[in-house]
1. Using only Cα atoms, locate the centre of the range 54-70 and the centre of the range 164-233, then give the distance between them in Å, rounded to an integer.
2. Pop a pseudo-label 7 angstrom from the Cα along the beta-carbon direction at both Asp72 and Ala143 and give the gap in nm to one decimal.
3. Within the range 208-241, list the residues whose amide N lies under 14 Å from a label point set 7 Å along Cα→Cβ of Leu50.
4. Suppose each label sits 7 Å from its Cα in the direction of the beta carbon; what would the Val38-Val234 distance come out to in nanometres?
5. Kirkwood Rh and Cα-based Rg: tell me the resulting Rg over Rh for the range 24-80, rounded to two decimals.
6. Neighbouring Cβ atoms within 10 Å as the yardstick, rank Asp59, Asp201 fewest first.
7. Report relative contact order for the range 111-241 in percent, whole number only (criteria: Cα-Cα under 8 Å, sequence separation at least 6).
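Please treat every number below as a calculation from the coordinates, not as lab data. As the structure is a prediction and not an experimental result, all values here were calculated from the model. As a convention, Cβ positions derive from the backbone with ideal geometry for all residues, glycine included, and neighbour counts pool all protein chains shown.
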Amino acid sequence: MDANVDNETVPGRQRWPEQQQPSGGRAFLIVGVILAFVGIWLLVVGGRALVAVQGRDSDGFYSTDTEVLATDSYALSSPPEFSGAGPDVLYARDLLGDVRISGETSTSGSPLFIGIGPADDVAAYLAGVGHAEVRDFEVSPFAVEYESHPGDAPSEPPTAQTFWAASVSGTGTQTLETEIPSGDWSVVVMNADGSAGVSADLQVGATLPIISWIAIGALAVGCLLLVVGIILSVLGMRRRS
C-alpha cells in the first residue's frame, strides 16, 4: 500500500475544504473587534463618571435636590445603614465617604433635630414610639416609601439622648456633616422637643470617592482595550489578505 495515499482516499479520514479551514486571521479580527467595542463602552462609562465628578459642589459633595419628608407621628428614621433604601448604590462606608444632611422645618413648628446614632440605640429609643421609617426612596423622580410604626410619644426629646454619633438641632437650616460611623447606624429626623408632626425640607449629600475611581479605572482600561483591539483587528485583516 502506498504510504503517500491522499487523506481523502483513506476511510474514516477527511480533509477540511480550503474555505472551511480555521483562520488565525479571522480569530484575531473577531477578538480585536470585541475588545475594541468593550474599550469604547468603558470609555463612555468613564466619560460619564468624569462628568459626574465635575458635578460636585464646592465642598466636594454630590447632593440630591431639597425635598419635603413628613409624618404625622413623632419621628422619621432610616433603616440600619440605609440597607435596601435609596437608589441602586452600595451603602458602604468607603463608597459613601463623608455624608451631609441639611434640613429645615417646613412648618412654623418646633426647631428641627437631625441625628445619626447606632442602630441598636436608635431602635431602643424609638421602641413603642410612633414613627415612620423610610424604607425606599428614589432620587429622580423623587419618591419616598414609608413604613408606619404606631406608638406613643417618646419619653424624652432626642436632644436629651447621649448615644448620637453626630447630631444638630435648632431653628433655620441645620446641617449635619460627618464620616459614616463604623457598624450599623440609623438617621433620625424629629422635632427637637419630641412633638408629633415632623415636616422638613431635607437635602442629602455624600462625597462618593468611588466615582473618581470609576472614572480613572474605566478610562484607563478602556484606552488599553481599544488599542489592543485595534492592533489585533489590523493583524487579523492582514493575515486574511
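1. 9
2. 2.4
3. Under cut-off, by backbone N: 212-224.
4. 2.1
5. Rounded to two decimals, Rg/Rh equals 1.39.
6. Values: Asp59 11, Asp201 16.
The order, fewest Cβ neighbours first, is Asp59, Asp201.
7. For the range 111-241, the relative contact order is 32 percent.
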